[in-house]
Amino acid sequence: RTVGGPARTGFRRMRVSTRPRLSCEWLHSCSGCEIGLLNCGERLLELIDRVDIVHFPLLMDHKYGDGKSVDLPEADIGLVSGGVAEREHLSVLRAMRARCRILIALGTCATHGGIPAMRNQWPIAQALETVASGAEGERTTAAAACLDRVYSIDEQVPVDLCLPGCPPLAATMVETIERVLDGAEPIRADKSVCETCPTVREGSGRKAADRFLANAAYDAQKPLDTMRCLLEQGLLCLGPVTAGGCGGREAPLCLRARVPCRGCYGPVRPASNPLLDMLTVLASKGIDHRTVVDRRSLLRFSGAHGLLKPTVSRR
């Protein structure tokens, strides 16, 4: 229940008789997924005993191309984190797909665009002007060959398995790779954060939605299962429309900290729109959707697949 659903091509079981080869690549990402994988400790050492890592930019210096001509080693399993924001990302991604038998989208940036895809709500020219200009309004850096928007990797190449999270739970990453190596079906997320949250629900609550940083009402000396549902308290919690898994077999991580879910695991249903689904949830709770200050922020982790687009000006 901690692994994202299959991509459009479905998952292919793999069992190899020789020592499998593992390749890892990052695109438009922060390296959080890779660092999370390295934080697995002894479980990672056990995994390394089973595979040959043939490509991993965070761990090894491997000159593999200039963005135009990419030369990657063949691998049985490929992990790709980050979305596709520029032509170099696209070239590297296509090379990974061509050289890997099974390709796994690692992290929400790869599966749904992640935070970088928030750029999609502005035209590319406006985005570059905003982030790459100095105080005098002149471009301070050479702009990369940006695409028209930030894409998830399954929008550009076929993907065998999606593993969302920002980053995915460390143990889940290792478990997923191990199950693929064993030819077993990966455990998939089939519940939302809300379905794995133990807070108290009464069916309705406040009629207006507070911003994320508003304080929740709870007793720090009491367990989580005595706290009132944050959404019913009026806090904008995306638990009903977000895939579960961040807490493993325990309660969701944000809720343990007594703060609302921000949606970092992406939509609970692969082809859904969290913005529309969340507005429906608010209506069912009696919360006025007009009190949501920034509706587009509901797509902060899921702006790929054409969900976030530039606003069209109307007279």
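Yes or no, residue by residue, for (1) more than 14 Å from TRP26 (Cα to Cα); (2) part of a strand (DSSP E or B); (3) among the aliphatic types (A, V, I, L, M); (4) at pLDDT below 95:
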position: HIS62; (1), (2), (3), (4): no, no, no, yes
position: LEU72; (1), (2), (3), (4): no, no, yes, yes
position: ASP76; (1), (2), (3), (4): yes, yes, no, no
position: LEU79; (1), (2), (3), (4): no, yes, yes, no
position: ALA98; (1), (2), (3), (4): yes, no, yes, no
*Quick check, is LEU276 open to solvent by 60 Å² or more (accessible area, probe 1.4 Å) and within 23 Å of ASP190 (Cα to Cα)?*
yes
*Sort out which residues of segment 169-226 are outside any loop (DSSP other than H, G, I, E, B), over 30 Å from ARG21 (Cα atoms) and in contact (Cβ under 8 Å) with a residue 40 or more places away in the chain, and write them in order of number.*
SER192, CYS194, GLU195, THR196
_Taking the criterion of being free of Cβ contacts under 8 Å to residues at least 40 places away in the same chain, in contact with a strand residue (DSSP E or B) (Cβ under 6 Å, 6 or more places away or on another chain) and β-branched (Val, Ile, Thr), would at least one residue in segment 75-96 satisfy it?_
no
*Checking GLY248 against (1) touching a residue at least 60 places away in the same chain (Cβ under 8 Å); (2) buried (at least 19 other Cβ atoms within 10 Å of the Cβ), which test does it fail?*
(2)
_Condition first: farther than 28 Å from GLY82 by Cα and small (Gly, Ala, Ser). Now tell me which residues in segment 258-315 satisfy that._
ALA283, SER284, GLY286, SER313
_Within segment 299-315, take every residue that is buried (at least 23 other Cβ atoms within 10 Å of the Cβ) and among the aliphatic types (A, V, I, L, M) and give me the one that is nearest to GLY245 (Cα to Cα)._
LEU299
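The values are calculated or read from the model by the stated rules, or taken from the named source; none is laboratory data. Since this is a predicted model, take the numbers as computed values, not measurements. Glycine gets a Cβ as well: all are built from the backbone with ideal geometry, and neighbour counts include every protein chain shown. Just so you know, the surface numbers come from the protein's heavy atoms only, side chains and all, with ligands and any DNA or RNA stripped out. Shrake-Rupley method; radii C 1.70, N 1.55, O 1.52, S 1.80 Å.
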